[in-house]
Amino acid sequence: MTLLLWGLYPVLDQSYKAKKLPFIAWYSYDHQKSPLYEITYIYQIIANYFIAFTNQNVDAFISALLMYIAAQCELLCDHLKNLKFEEKNKGFVKFVRCVKHHQKILQFSENTNEFLSIMTFGQFMTSVISICMTLFQLTLVTPLTPEFYTLLCCQSAVFTQVFVYCWFGNEVILKSNEISYCAYESGFWINSSVQIRKVMVFFLMQCGRPIKLRAVNFFGLSLDTFTAILRNSWSYFALLRQINY
């Protein structure tokens, strides 16, 4: 919707008559001559849609990675809840499988965090600037005009993009935090030997720290970070508004 309004904006405000393009750009030819103007106009719309869809697919892929970690934590919780004491160390063998499963989850989360760390850091930094500047521009344009709706859709797009990262990152924290509780709720350790109970204690200590994915160790992917981004954006917006007036 944001790109659609951006593409139609020269038509809605009649600026296409002055050969104005949807996006400001420099070309090595005179794009104001027909049919170069029409070709360049269509090219800008297609190119920006391509960029938007690529960006959207990257966001969906990162969200899928985060949900995969959360789903694995939930599966591990289910296995731990159903652990029971069995003869011939069968229960302990199943518990060892759960421990190895947890180690693989931690390893996968580290690889995922290494992959998306710099990317999410850039996303959060640009989002703070985008939210701030869009809010500031909304105070300068006339309400209920095409430009106003365009900026409103742009604000919603940036807002949603940051929220998706933080929401699924927060789900990973919540699901991983339940692992230790599920292990404690299992009936496996009650009738086990002292040595097995000690192993369970070490496992509980390892699970006591929830899995947190971070952006270059500055921002954690959580709802707290989302509220912090909105708070900082509003502070910068208030500063700009105060300087402007």
note = Amide H neighbours of A215 at under 5 Å, excluding residues fewer than 5 places away on the same chain, with H built from the backbone geometry, are G220, L221
inquiry  = From Cα pairs below 8 angstrom and at least 6 apart in sequence, can you work out the relative contact order of the chain, rounded to a whole percent?
reply    = 27
Crossing angle, helix 2-12 versus the chain [Cα axis fit, 0-90 degrees, rounded to tens] = 10
inquiry  = Along its three principal axes, how long is the stretch 81-185 when you only count alpha carbons? Whole Å, largest extent first please.
reply    = 77, 25, 16
request  = Can you sort L152, L213, L204 by 1.4 Å-probe accessible area, starting with the largest?
outcome  = L152, L204, L213
ask   = By how many degrees, between 0 and 90 and to the nearest 10, does the Cα long axis of helix 146-177 differ from the longest principal axis of the chain?
value = 10
key: Per-q log10 I(q)/I(0), the chain, q = 0.09, 0.10, 0.11, 0.18 Å⁻¹ (Debye; single scatterer per alpha-carbon; no solvent)   = -0.58, -0.66, -0.74, -1.26
ask   = To one decimal place, what Kirkwood hydrodynamic radius in Å is obtained for the stretch 1-135 from all pairs of distinct Cα atoms?
value = 19.9
Probe 1.4 Å - accessible area at D13, Å² to nearest ten = 60
request  = Mind pulling the per residue volume of the convex hull built on the Cα atoms of the stretch 192-245? Å³ is fine.
outcome  = 82
query = Just by accessible area at a 1.4 angstrom probe, what is the order of F115, F92 from largest to smallest?
reply = F115, F92
query = With every protein chain kept in the model, how would you rank M200, M125, M205 by accessible area, 1.4 Å probe, largest at the top?
reply = M205, M125, M200
key: Cα-based Kirkwood hydrodynamic radius, the stretch 134-245, one decimal, Å   = 17.8
task = Let me have the 222 nm mean residue ellipticity of the chain computed from DSSP H runs of 4+ only, each contributing -39500 (n - 2.57), with the sum over all residues rounded to the nearest 500.
result = -26500 deg cm²/dmol
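The values are calculated or read from the model by the stated rules, or taken from the named source; none is laboratory data. Bear in mind that the values here come from a model prediction, so they are computed numbers and not experimental data. Remember, those area values only see protein heavy atoms, side chains included, never the ligands or the DNA or RNA. Shrake-Rupley method; radii C 1.70, N 1.55, O 1.52, S 1.80 Å.
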